[in-house]
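What follows is a short report on a single structure.
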Amino acid sequence: MDRKVVKIENAAFRCKEIPLTRKELRELFKFHIPCLCCGLEMMHPDEYTKILDDHLLVGKAYDVVKVLEPYERIMHPVERQVFNMFKGMAQKYPEMDFQQLLLLKKEIHELALVKIQSNIFNKISFYRRILPKKTARALRKLIIKTNDIIFDPKPHKPFSRRIFIHKLKQIVSNIENAKIREEIITIAKRLPRSSDEVCAFVVKNARKKSEIIALNLIHPSVGTFEHLMPKCLKGQNNSLNFALECTHCNNSRHHYPISYQIEENPYMPENAQYHFDKLISLCNKKLCKKEYVENLSKTLYNLSEGIIEADINNLYK
Ligand SMILES: [Zn+2]
């Protein structure tokens, strides 16, 4: 399937009245809402801003671990694994900060990462055998350049998964056979990201300052307003078009259609139901408005082409 932005009818326009103000919607983050997409509990954005403003994550790992401990429960899986690694290391090296600790681990994780990456590059290289000459040559050039980066212990510029996939897409764009094009990109997408492999997190973050590393452990969990109909497609900038999503899911969707987000997150329809159940329980306690939930369910149904069909019957019991 082509990943171009698909224009969909703005379902949210049907309901005229804005059910919740931005402030009211933001208040909902107080109630441990699970993210609409991944289902993980979100952190209140104000809490994150406070930690940031007060520079609570500067200093020795031993102290920073104490500040982060209350948030361990809501960390995303890779971040939680890294945090646990820090907890153990901070006992052993109480004088070091997060960056120094990551540097101790960098080499071993870098080896693991390069192993996974080179395996994927090999699989992509295999396609040179069946591609038109010009495309095969361009692919060879890209892989050689990329191998130079990943096998260099101190590369001039670190490897970027995003840039690699972007260049690869350009190279394969003129392959006529859509199936082969799709296959190559699907393989490339298996390249580890810092959000799904500890080794990629360690390697990427070892270049960063301690405070940033610590912030990166909680940042994916911070709650955000996701524009259901993307802003660039004239999606409204109010609660008729807002869903509550964690930073990680919001950033990973970009401006793609919800059907693409579901493809990337197959459990999204189930997670959306948890999200609705929580909102309904808040409505029953008069902490959220029925109209918001009704509009959200209709908008999601339309934009997901019926894949997300939330059961909101409990709203009327
Ligand atoms: Zn999420």
- [ ] Please name all residue pairs, on different chains or six or more residues apart, with Cβ atoms under 7 Å, provided the first residue is in segment 169-185 and is under 15 Å from Phe121 (Cβ atoms) and the second residue is among the aromatic types (Phe, Trp, Tyr) and modelled with pLDDT of 95 or more.
- [x] Ile184/Tyr127
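If only one of Glu294, Glu263 is part of a helix (DSSP H, G or I) and within 16 Å of the ligand (Cβ to nearest atom), which one is it? Spell out the reasoning first.
On the way: Glu294 fails: within 16 Å of the ligand (Cβ to nearest atom).
The match here is Glu263.
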TODO: Go through the residues of segment 260-282 one by one and say whether even a single one is at pLDDT below 95 and touching a Leu at 6+ places or on another chain (Cβ under 6 Å).
DONE: no
Open item on the list: Step by step: first the residues of segment 245-259, then only those that are crowded, with 21+ Cβ neighbours inside 10 Å and not in a helix (DSSP H, G or I), then the one that is farthest from the ligand (Cβ to nearest atom). Which residue is that?
Closed with: Pro257
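Does any residue of segment 66-82 turn out to be assigned by TED's automatic domain parsing to the domain that holds Val172, farther than 30 Å from Lys30 by Cβ and buried (at least 18 other Cβ atoms within 10 Å of the Cβ)?
Residues of segment 66-82 that are assigned by TED's automatic domain parsing to the domain that holds Val172, as a first pass: 66-82.
Pick out the ones that are also farther than 30 Å from Lys30 by Cβ and you get none.
For segment 66-82, residues assigned by TED's automatic domain parsing to the domain that holds Val172, farther than 30 Å from Lys30 by Cβ and buried (at least 18 other Cβ atoms within 10 Å of the Cβ): absent.
The values are calculated or read from the model by the stated rules, or taken from the named source; none is laboratory data. In this text the structure is predicted, and so the values were computed from the model without any measurement. FYI the Cβ positions are ideal-geometry reconstructions off the backbone, even for glycines, and counts take in every protein chain you see.
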